[in-house]
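Since the structure comes first, as C-alpha cells, the remarks are kept for the end.
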Amino acid sequence: MTTTSQPSSISAGLYLELMERCLTNTIYGDGYTTWQEPAVEKDYDPSLRELGRDWPRRAHTMIGGARLRNLRQCVEKVIVEGVPGDFIETGAWRGGACILMRAVLEAYEDRTRRVFVADSFEGLPVPNADAYPQDRGDRHHTYETFSVSLDEVKANFAKYGLLDDRVVFLKGWFKDTLPRAPIERLAVLRLDGDMYESTMVALTSLYDKVSSSGFVIIDDYGCIESCRKAVHDFRETHGISEPILDIDGFGVFWRKER
C-alpha cells in the first residue's frame, strides 16, 4: 500500500475536486424532486445540492457537497495515516459516494484497498415491523427513486474509468450479504440505509471490523429518527463513547478509538 502525505500531484487534487462537482452535478445543475413530491421536478437549487436536501434527477449522488467532502477527507486521512482496511458504503443508490472513494484511491496511487458497494439494487425493503418495530410505517420501499439496478451503478463507475476488480459489489438485502461479506478490515464504514433495520444490521455486522482510528459515517442520523435510534441503541449496547460529530445537519461521523 502506498501512503503519502498528499495526492501524487497538484493535478490529482484538482481531479478529486472535479470528481466532487461531477458526482453532485453542480457543473450542469440538473433538476430535482423531493420526498414530499417525488413526481414533481423542480429547477436546480445549489443551496439544496450543497446540503443534500434534494433528490437529483441525474447526479450520481444525493448526499450533497458537504457530506461528499467529509467522505473524501475521511478516506484521505486513513490513507495518509496508514490506517488499515478497505472502504464500504451500505446503501449506494447510483454509486456516487463509492465512486469518490475509488477515485481517492486512484489519486493517492493506493493499489491494495478495495471499495465495497453494498445495496439491494432494488430499493429499500418492506419494513419488518415484528422484528424491528421502530420501522413500523416506514415508506422508503414505496419510492421508485431509490431503486437503481446493479448494471446502472456499474455503468456509472465505468463512466469515470473506475470500474475494476477493486470495486466489489454486494448485491442483496443487508441481512443476507453483510454478515458474510468477504471483509477482514475496514478503514471507512459509511452507512446510508435510512431504516432502523438497515442501520442496525450494518453496525452489527461490520463495526467490529473497523480498525482503530477508522471512521464511521452515518448519512441519515439527523433526519430519520429510526436511523438515529439504531445508532444510539448500538452505541449504548457496545459502550461506544466516541463523540458524534455533525457534518451538515443530516450526516454525522465519529472516529473509532478502540
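The values are calculated or read from the model by the stated rules, or taken from the named source; none is laboratory data. Computed from a prediction, not measured in an experiment: that's the story for all the values here. Positions of Cβ are generated from backbone atoms using ideal geometry, with glycine treated the same way; all protein chains shown enter the neighbour counts. Side chains included, ligands, DNA and RNA excluded: accessible areas come from the protein's heavy atoms. Shrake-Rupley method; radii C 1.70, N 1.55, O 1.52, S 1.80 Å.
Distance from the alpha carbon centroid of the stretch 47-69 to that of the stretch 130-174 works out to 17 angstrom. Rolling a 1.4 Å probe over the heavy atoms of the protein chains gives the stretch 1-144 an accessible area of 45 Å² per residue. In loop segments of the stretch 72-125 as defined by DSSP, the GluC sites (Glu not before Pro) with at most 16 further C-beta atoms inside 10 Å of their C-beta are E109, E122. For the stretch 159-176, backbone phi angles converted through the Karplus equation (6.51, -1.76, 1.60; θ = phi - 60°) give residue-by-residue couplings of 4, 9, x, 10, 8, 8, 6, 8, 9, 10, 9, 10, 8, x, 5, 4, 4, 9 Hz, Gly and Pro being listed as x. Extents of the chain, largest first, come to 51, 45, 32 Å (Cα atoms, principal axes, whole angstrom). Rounded to the nearest 20, the Cβ-based charge dipole of the chain about its Cα centre (Lys and Arg +1, Asp and Glu -1) stands at 540 debye. Taking a straight line from the alpha carbon of K256, these lysines sit under 29 Å away, with near neighbours fewer than eight places off in the same chain left out: K77, K171, K175, K209, K229. When the residues V168, V117 are ordered by accessible surface, computed with a 1.4 Å probe over the protein chains alone, the sequence from largest down reads V168, V117. Report in % the part of the accessible area of the chain that belongs to carbon and sulfur, leaving out ligands and nucleic acids; probe 1.4 Å. Roughly 49 percent, rounded to a whole number. Loop-resident trypsin sites (Lys or Arg not before Pro) (DSSP state other than H, G, I, E or B) in the stretch 157-186 with no more than 10 further Cβ atoms inside 10 Å of their Cβ: R180. What you get for the stretch 113-195, charging only the Cβ of Lys and Arg (+1) and of Asp and Glu (-1), is a dipole of about 380 debye around the Cα centre.
Ordering F174, G251, G161 by the projection of their Cα atoms onto the charge dipole of the stretch 100-258, which places +1 on the Cβ of Lys and Arg and -1 on the Cβ of Asp and Glu, puts G161 at the extreme positive end. Calculated on the Cα set of the stretch 16-67, radius of gyration then Dmax: 10.1, 33 Å.
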